[in-house]
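**Q** Please find one structure pasted underneath; my questions will follow.
Each reported figure results from applying straightforward, stated rules to the coordinates on display, with no laboratory input. From a predicted model like this one, the values you see are computed outputs, not experimental measurements. Counting neighbours? That spans all protein chains shown, and the Cβs are built from the backbone with ideal geometry, glycine included.
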Amino acid sequence: MARIFLPLAIVAAIFFGPLFAEVTTGSATGSNMTPRYGEYFIGNAVDCLLKLKAPIGEECASEGKLNGSVMVGQIITWASMLALAAAALGVVGLIPFIGRLTSIVTILAGLAALASMGLLALTLIGIDGIGLTGLRWGAYLAAAAGLLTLISGLAGLRGR
């Protein structure tokens with residue numbers, strides 16, 4: 001069951017959690033940090049999935065920009081879609097022999113979640129005025145869920 005719920009926890013943490021904060025300035029408020037949620041990156045792909053379309057192509061591509069590039073958004077989107085695929089295969093993986101085979105996809109989903117949150121952190125380090133102070137709890141939660149998913153996949157290879 002953990003190989004079903006942990007990949008779903010990755011997607012929920014990425015979609016609903018604040019991943020980073022950007023500096024915004026206003027004439028009345030001055031300069032403050034505005035949180036950006038994961039929907040900024042994976043919203044188009046989720047919309048395509050809700051319309052029962054494969055999340056590939058231009059209409060499903062990430063439009064979220066960080067440091068002038070959409071690369072971080074694309075990596076986070078692919079990590080989320082891999083986590084959804086791991087959850088779907090986890091249902092089939094309840095059969096004992098197939099469970100060991102689906103553990104590989106679960107391991108890859110955990111690694112992808114860790115790598116995408118690491119890339120987000122590295123990109124934030126390179127932005128003046130934000131740095132690691134801009135990283136929010138959603139990114140930490142997604143990385144923790146990715147680590148637990150990785151551990152769950154490794155335990156599944158052992159037959160547990």
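**Q** Check which residues have an amide H placed less than 5 Å from PHE20's amide H, if you skip close sequence neighbours.
**A** ARG36, ARG136
**Q** Ok, one more. In deg cm²/dmol and to the nearest 500, what is the mean residue ellipticity at 222 nm of the chain if only DSSP H runs of at least 4 residues count, each as -39500 (n - 2.57), divided by the residue total?
**A** One gets -21500 deg cm²/dmol as the mean residue ellipticity at 222 nm.
**Q** (i) 2, 10, 18, 20, 17, 14, 9, 5, 3, 1, 1, 0, 0; (ii) 2, 8, 17, 21, 21, 17, 10, 4, 1, 0; (iii) 2, 9, 16, 17, 13, 12, 10, 9, 6, 4, 2, 0: which one is P(r) over Cα pairs in 5 Å bins from 0, in percent as calculated from this entry?
**A** (i)
**Q** To continue, here is another question. Using only the Cα atoms of the stretch 108-160, build the gyration tensor, take square roots of its eigenvalues as a ≥ b ≥ c, and label the shape rounded, prolate or oblate: rounded if a/c is under 1.5, else prolate if a/b is larger than b/c, else oblate.
**A** Here the stretch 108-160 falls in the prolate category.
**Q** Further question on the same structure: Going by how many other Cβ atoms sit within 10 Å of their own, how do ILE107, ILE42, ILE127 line up, fewest first?
**A** With the fewest neighbours first, ILE107, ILE42, ILE127 line up as ILE127, ILE107, ILE42.
**Q** Within the chain, which whole H helices from DSSP have a Cα span along their axis of at least 24 Å and a mean Kyte-Doolittle hydropathy of -0.5 or more, if any?
**A** Helices passing the filter in the chain: 71-92, 96-125, 137-157.
**Q** Then there's this: As an exercise, use a Förster radius of 25 Å and the Cβ-Cβ distance of LEU50 and VAL92 to find the FRET efficiency, rounded to the nearest 0.05.
**A** 0.70
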